[in-house]
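Peer 1: If you scroll down you'll find the structure; I have some questions about it.
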Amino acid sequence: QPGPFGAVILGHERYGLVQHTLDLVAKFAAHGYIALAPDMFSRWDGDQEALTRGDISVRISDADIKSYMGNSLDYLLTHPQVDPDRICAMGVCQSGDYPLVLNSVRDEIAANIVIYGGAQASKWEVNEERPEPYESILAQVQAPVLGIWGEDDQVVSVEDMRRLRDVLESNRKTYEFTLFSGMPHGWMNSTMPGRYRPKESEQAWSMILDFMERVHAGEFSDVRVIWRFQSNIAPEYDFSKKVRLA
């Protein structure tokens, strides 16, 4: 079909701009979206192989997030094949909060998508990288938020996710959150066989695409606040027993 098309700005995981991120970009493209994944670590000159293995991590500031994601947004806004009213932002793992940081200062974002990230304990710390409290950032988010997590995630606890939910509710922000039963951190990553769950990954993808379609169709408006939360966890849930899978 001829354009213009909807678009997605995609934040990569802690491993950098690796194959999984490229696979996500390709999947969005296959569904008719223009997808752009900026290399958020392009100014970092450390050991790339160690980063890809997950042996080390890179932390970037909110100022850098706004710069990288904002430049991507500016590019898409001027792209002749992009519908400027249908630009979404998605973050995965470490980048889960990046859409929210961007949308707190840029109202051109139509929807925010958070995939097993955006709520872990480190996101709530005030430090050099994040001088403004996360609660204040969330209070400035303007577009609906889709959040997807797994019960067996060792990075984001159920309590972390509920904290994010509660802050959004206290600020009357629209969200749809789903907590998948038994899913580990990274279950949508097909390059990590120990984590990948094909069935649930496709379910999550259907949720993402459906959410974006409903946003673009005008289901959500500024005059109504919608909260949708569904969870399926064991009554004996214990975050301390969750472990990292290969």
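The values are calculated or read from the model by the stated rules, or taken from the named source; none is laboratory data. All values derive from a computational prediction rather than experimental measurement. With ideal geometry, Cβ positions are generated from the backbone for all residues, glycine too; neighbour counts draw on all protein chains shown.
Peer 1: One residue is enough: does segment 82-94 have a residue meeting the conditions within 24 Å of residue 131 (Cα to Cα), among the polar types (S, T, N, Q) and more than 8 Å from the chain's Cα centre (by Cα)? Lay out the reasoning, then the answer.
Peer 2: Of the residues in segment 82-94, the ones within 24 Å of residue 131 (Cα to Cα) are 89-94.
Within this subset, residues satisfying the condition of being among the polar types (S, T, N, Q) are 94.
Then drop every residue that is not more than 8 Å from the chain's Cα centre (by Cα), which leaves 94.
Yes: one or more hits.
Peer 1: Oh, and also: With the structure loaded, tell me whether residue 200 is over 15 Å from the mean Cα position of the chain (by Cα), at pLDDT 95 or above and over 28 Å from residue 66 (Cα atoms) or whether it fails that test. Can you show your working first?
Peer 2: Values: over 15 Å from the mean Cα position of the chain (by Cα): yes; at pLDDT 95 or above: yes; over 28 Å from residue 66 (Cα atoms): yes.
Taking the combined requirement at face value, the residue satisfies it.
Peer 1: Taking the stated definitions as given, is residue 34 at pLDDT below 90, among the aliphatic types (A, V, I, L, M) and more than 17 Å from residue 117 (Cα to Cα)? Lay out the reasoning, then the answer.
Peer 2: Working: at pLDDT below 90: no; among the aliphatic types (A, V, I, L, M): yes; more than 17 Å from residue 117 (Cα to Cα): yes.
Answer is no for this residue.
Peer 1: Sticking with this structure for a sec: Only residues that are in contact with a helix residue (DSSP H, G or I) (Cβ under 8 Å, 6 or more places away or on another chain) and of a type outside the set (Val, Ile, Thr): list them for segment 59-84, please.
Peer 2: 62, 66, 69, 70, 73, 84
Peer 1: When you check residue 182 against the structure, is it more than 20 Å from residue 142 (Cα to Cα), in contact with a Gly (Cβ under 9 Å, 6 or more places away or on another chain) and either charged (D, E, K, R) or surrounded by 14 or more Cβ atoms within 10 Å (Cβ to Cβ) (or both), yes or no?
Peer 2: Details: more than 20 Å from residue 142 (Cα to Cα): yes; in contact with a Gly (Cβ under 9 Å, 6 or more places away or on another chain): yes; either charged (D, E, K, R) or surrounded by 14 or more Cβ atoms within 10 Å (Cβ to Cβ) (or both): no.
When the stated conditions are applied, residue 182 does not pass them.
Peer 1: What pairs come out if I take residues in segment 124-145 that are over 16 Å from residue 166 (Cα atoms) and pair them with residues that are among the β-branched types (Val, Ile, Thr) and loosely packed, with under 14 Cβ neighbours inside 10 Å whose C-beta lies under 6 Å away, six or more apart or interchain?
Peer 2: none
Peer 1: If residue 223 passes every condition in (1) without any contact (Cβ under 8 Å) to a residue 40 or more places away in the chain; (2) closer than 22 Å to residue 33 by Cα but one, which one does it miss?
Peer 2: Tallying (1) without any contact (Cβ under 8 Å) to a residue 40 or more places away in the chain; (2) closer than 22 Å to residue 33 by Cα, residue 223 fails exactly one: (2).
Peer 1: Name every residue in segment 137-176 that is out of contact with any helix residue (DSSP H, G or I) (no Cβ under 7 Å at 6 or more places or on another chain), buried (at least 16 other Cβ atoms within 10 Å of the Cβ) and acidic (Asp, Glu), in order of residue number.
Peer 2: 151, 152, 153
Peer 1: Quick check, is residue 111 among the aliphatic types (A, V, I, L, M) and touching a strand residue (DSSP E or B) at 6+ places or on another chain (Cβ under 7 Å)?
Peer 2: Numbers: among the aliphatic types (A, V, I, L, M): yes; touching a strand residue (DSSP E or B) at 6+ places or on another chain (Cβ under 7 Å): yes.
Yes: the conditions hold for residue 111.
Peer 1: Now a separate question. Specify the residue that is surrounded by the most Cβ atoms within 10 Å (Cβ to Cβ); the eligible residues are those in segment 10-28 that are in contact (Cβ under 8 Å) with a residue 40 or more places away in the chain and assigned to a loop (DSSP other than H, G, I, E, B).
Peer 2: Per the criteria, the residue is 12.
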